[in-house]
Amino acid sequence: MTKAKELIFMGETMEANTALALGLVNKVVPVGNLMAEAKEFAGKLLGKSGVTLSMAKKAINTGAEIDLASGLDLEGQCFALCFATEDQKVGTKAFQETKTSIQKENRKMIENGG
């Protein structure tokens, strides 16, 4: 908490690698790669369920401010909301198809001695 206070009170700039080391950013990339990296990150987010991302954000942000029992209750509510969506059905089906595909590939590899 003291480092956070120092950063807020001083309002100084810092090097990107320092921000990375402090956990203030997730990744540091060269300026020339910035847009490509940002688009790749955004593309990954677009592949996720908006409802699920919203509920995860709510659980994380709210959960940090409440007691454990309330946090677990909130997490259960968010899970129930996510589980009731069409996205959940699509995601489960895709997961099962991928798992089946991987199992088939593994069987072929075993049958071929490798």
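At a glance:
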{"quantity": "Candidates Ala4, Ala69, Ala16, Ala42 - the one that is of a type outside the set (Val, Ile, Thr), more than 20 Å from Gly91 (Cβ to Cβ), at pLDDT 90 or above and outside the structural domain of Thr92 (by TED's automatic domain parsing)", "calculated": "Ala16"}
{"quantity": "Residue list for region 44-77, restricted to those being outside any helix (DSSP H, G or I) and surrounded by 13 or more Cβ atoms within 10 Å (Cβ to Cβ)", "calculated": "Ser49"}
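The values are calculated or read from the model by the stated rules, or taken from the named source; none is laboratory data. Nothing here was measured: the structure is a model prediction, and the numbers come from that model. Glycine also receives a Cβ, built like all others from the backbone with ideal geometry; neighbour counts cover every protein chain displayed.
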